[in-house]
1. Label points 7 Å out from Cα along the Cβ direction at ASP11 and ARG61: separation in nm?
2. Using all C-alpha to C-alpha distances in segment 7-69, build P(r) with 10 Å bins and read off the rounded percent in each one.
3. Counting only other residues whose beta carbon sits under 9 Å from that of VAL58, what net charge do I get with K and R as +1, D and E as -1?
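What follows is calculated from the coordinates using simple rules that are stated; it is not laboratory data. All values reported here derive from a predicted model rather than from experimental measurement. Positions of Cβ are generated from backbone atoms using ideal geometry, with glycine treated the same way; all protein chains shown enter the neighbour counts.
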Amino acid sequence: MEQQLTAEEIDRIIEMAWEDRTPFEAITFQFGLQEQEVIELMRREMKPSSFRMWRKRVSGRATKHRKLRFFDEGRHKSTRQRHISNNKISKR
């Protein structure tokens, strides 16, 4: 089942679970937790109302399941977004 996780790892898993574009497969790859184990961790670590809100939010969300995604890349970048290099915003 679930291995011993540090407080920092638990915080990161919760953060990744809340992110819309982070699929459960990424959490599995990084931490070895399956989707059901992430759900159990969220239920245990969050307030009941926050957990219900999260479950409602991610249930059936295509971006949380790699197989349901309609895009290959994880992020969209607008063509109007400025390029960032060496911590300086470069001009077009």
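1. Result for the modelled spin labels: 2.1 nm.
2. 23, 60, 17, 0
3. Working: positive: ARG55, LYS56, ARG57, ARG61, LYS64; negative: ASP20.
That works out to +4.
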